[in-house]
Amino acid sequence: MGLTVRVERRIAEDFPGREGEVVGDLLTELVNHLTDRGDQEDKERIAAATLLCSQGRVDRLLDAVQLAKEDWRDVLVGAGLADSGWKERLEADFGPER
């Protein structure tokens, strides 16, 4: 399972060049690690939350990936994607779903 188009687009915006490739690989590995979260929508939300927590910094991304692997709910809370309005927040930050 890969990343969604809008998550990939945000990676390219936040992490241009080779750095973006590494970030994409890390997030792909993360969503593949989340085998108990089979739903594509949930995996996109977790990947997006991890990316938001990074604030465009690789060191923060690494911390967020580790946190998501330990308990993905903490990353959702940290990014503001844990509550009922998460779909609207995701669309505001990443654009419409395609």
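In this structure, is Leu61 within 13 Å of the chain's Cα centre (by Cα) and not in a helix (DSSP H, G or I)?
It is false that Leu61 is within 13 Å of the chain's Cα centre (by Cα) and not in a helix (DSSP H, G or I).
Would you pick out the residues in the range 31-53 that are more than 9 Å from the chain's Cα centre (by Cα) and crowded, with 17+ Cβ neighbours inside 10 Å?
Within the range 31-53, Leu34 is the sole residue that qualifies.
Which members of the range 43-98 meet the condition of being modelled with pLDDT of 95 or more, among the basic types (Lys, Arg) and under 17 Å from Glu29 (Cα atoms)?
Arg60 - this is the single residue of the range 43-98 that is modelled with pLDDT of 95 or more, among the basic types (Lys, Arg) and under 17 Å from Glu29 (Cα atoms).
Kindly indicate which of Arg60, Arg10, Arg18, Arg6 is among the charged types (D, E, K, R) and buried (at least 21 other Cβ atoms within 10 Å of the Cβ).
Testing whether each residue is among the charged types (D, E, K, R) and buried (at least 21 other Cβ atoms within 10 Å of the Cβ) leaves just Arg10.
The values are calculated or read from the model by the stated rules, or taken from the named source; none is laboratory data. Note that the coordinates shown come from a computational prediction; the quantities given were computed from them, not determined experimentally. Backbone-built Cβ (ideal geometry, glycine too); neighbour counts: all protein chains shown.
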